[in-house]
Amino acid sequence: MARVQEIEAAPEIDDIDGVDLPRAQMHLFGHEAAERELIGAYGSSRFHHAWLIGGSKGIGKATLAFRFARFALAHPDRFSPAVAAAESLAVAPEHPVARQVAAGAHPNILHLRRPWDDKGKRFKQALPVEEVRRTVSFFGTTASGAGWRICIVDAADDMNASSANALLKILEEPPANSVFLVLSHAPGRLLPTIRSRCRRLDLMPLPQAVLEQALPAVTGERPDAATQADVARFADGSLRSALLLMGGEGLAVNRGFLALTDRLPQIDVIKLHAFADLVAARGQSDNWDAFLVVARDWLHKRLTGADLASPSRLVRWTEVWEKMGRAAADAEALNLDKKQVVIDVFRSLSEVMRMPG
């Protein structure tokens, strides 16, 4: 008898080992004011069909979007006593809607993300127009149970010009009983016409106290004091960043980067190559992401800090920022040597630090 080959599920871009995906996360850490705003708006006579939820990456935008989607699908009557009495968007995990949403199987939710390219074995670099056009068939069908149909765009920053225009078109003529939750890490960069058709809801980075509460609740482990301090320092208010730091080699990447920058303009070549090997390790995309985050944060501080007093050096920092961005994008798109990108970044940093003034 021929063996039946198992079909592996495609990876999900939000996946972190041992952590529930945003659609299955039953707890929202922080953002109480944003949650209250959504509840109040949902139960009011003028509920906006499109929301632009902004804020830095990993602070809970997707978790809040799915939390609201569960609530709206579990309470389709906006003027019901249950909605009027609700103090949060919580839905019991055993509720049928919660189970369907957690499994990614609710027919009334369309989650648009950068898709997995099975041939290239990586996520596509942009949210393509074909994905956004799925809204046509999604909204062209009758909602299950005569409820809401909810489209979550996660994240709008990943759209190219064609997909942004496709989204704009449907936002201009929204179907009945539709809700759009458009997530963005940098809302100001989106098309003004998209922003103008959405009600804005901005989330702030999570305070350290909230991160300290969230980490053991999500992972089931409480880090030691030194690790907890470094995680809070490097995560910059992002629970996702904190989880990546806790779960892999993110802390080693952050500590290694700062150890090397502390010695600039001098470069310990042996340590630099060891660090670059860590960042570019095969199959460790989280290490590469951690490097880009800490490098950009370090450069951002140079661009907004004391070096403002040195115009020539400020220009060079800007050039390094742009060069690193191009090199990182090329390395990801063309599968180039990421180790060389890391080495080139430090060489550029050293050159700027050697400049007079």
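A few points about this structure:
- The stretch 294-306, residues that are modelled with pLDDT under 85 and surrounded by 18 or more Cβ atoms within 10 Å (Cβ to Cβ): R302
- Which numbered condition W116 misses (of (1) buried (at least 22 other Cβ atoms within 10 Å of the Cβ); (2) in contact (Cβ under 8 Å) with a residue 40 or more places away in the chain; (3) hydrophobic (A, V, I, L, M, F, W, C)): (1)
- Filter result for P223 (farther than 16 Å from D297 by Cα and touching a Lys or Arg at 6+ places or on another chain (Cβ under 7 Å)): no
- Pairs, first under 19 Å from L28 (Cα atoms) and modelled with pLDDT of 95 or more in the stretch 69-94, second surrounded by 16 or more Cβ atoms within 10 Å (Cβ to Cβ) and small (G, A, S), C-beta under 7 Å, six or more apart: R70/A98; L73/G147; V83/G43; V91/A74; V91/A98; A92/A98
- From the options D236, D154, residue that is surrounded by fewer than 20 Cβ atoms within 10 Å (Cβ to Cβ) and under 20 Å from D286 (Cα atoms): D236
- Matching residues in the stretch 136-176 - criterion: being hydroxyl-bearing (S, T, Y) and modelled with pLDDT of 95 or more: S162, S163
- Residue list for the stretch 250-283, restricted to those being surrounded by 14 or more Cβ atoms within 10 Å (Cβ to Cβ) and in contact with a Lys or Arg (Cβ under 6 Å, 6 or more places away or on another chain): A276, A280
- Spans of helices (runs of 4 or more DSSP H) in the stretch 247-357 with at least 2 residues free of Cβ contacts under 8 Å to residues at least 12 places away in the same chain and charged (D, E, K, R): 311-334
- Residues of the stretch 3-30 that are modelled with pLDDT of 90 or more and farther than 26 Å from P96 by Cβ: G30 alone.
- Close pairs from the stretch 151-178: first at positive phi and not assigned by TED's automatic domain parsing to the domain that holds I53, partner at pLDDT 95 or above and not in a helix (DSSP H, G or I), Cβ under 6 Å, at least 6 apart: none
- Looking only at the stretch 29-69, and only at residues there that are hydrophobic (A, V, I, L, M, F, W, C) and in contact with a Ser or Thr (Cβ under 9 Å, 6 or more places away or on another chain), the one that is farthest from A164 (Cα to Cα): F29
Residues are listed down the side, and each one gets a yes or a no for (1) hydrophobic (A, V, I, L, M, F, W, C); (2) part of a helix (DSSP H, G or I); (3) within 23 Å of R70 (Cα to Cα):
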position	(1), (2), (3)
I150	yes, no, yes
N165	no, yes, no
L171	yes, yes, yes
V179	yes, no, yes
G188	no, yes, no
I194	yes, yes, no
E221	no, no, no
A242	yes, yes, no
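- Extreme residue, farthest from D154 (Cα to Cα), among residues of the stretch 37-65 that are of a type in the set (D, E, K, R) and in contact (Cβ under 8 Å) with a residue 40 or more places away in the chain: E37
- Any hit, the stretch 38-49, residues being on the phi < 0 side of the Ramachandran plot, within 12 Å of the chain's Cα centre (by Cα) and in the same structural domain as A102 (by TED's automatic domain parsing): no
Residues are listed down the side, and each one gets a yes or a no for (1) of a type in the set (F, W, Y); (2) in contact with a Phe, Trp or Tyr (Cβ under 7 Å, 6 or more places away or on another chain); (3) crowded, with 23+ Cβ neighbours inside 10 Å:
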site	(1), (2), (3)
Y42	yes, no, no
F47	yes, no, no
K57	no, no, no
H75	no, no, no
L89	no, yes, no
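- Failed condition for I59, given (1) within 15 Å of L28 (Cβ to Cβ); (2) touching a helix residue (DSSP H, G or I) at 6+ places or on another chain (Cβ under 6 Å): (2)
- Scanning the stretch 6-28 for residues that are touching a Ser or Thr at 6+ places or on another chain (Cβ under 8 Å) and either among the aliphatic types (A, V, I, L, M) or crowded, with 18+ Cβ neighbours inside 10 Å (or both) turns up V19, P22, Q25, L28.
- Count of residues meeting criterion [more than 15 Å from A10 (Cβ to Cβ), surrounded by 12 or more Cβ atoms within 10 Å (Cβ to Cβ) and of a type outside the set (A, V, I, L, M)] in the stretch 129-142: 5
The values are calculated or read from the model by the stated rules, or taken from the named source; none is laboratory data. Here the structure is a predicted model, which is why all the values come from computation and not from measurement. FYI the Cβ positions are ideal-geometry reconstructions off the backbone, even for glycines, and counts take in every protein chain you see.
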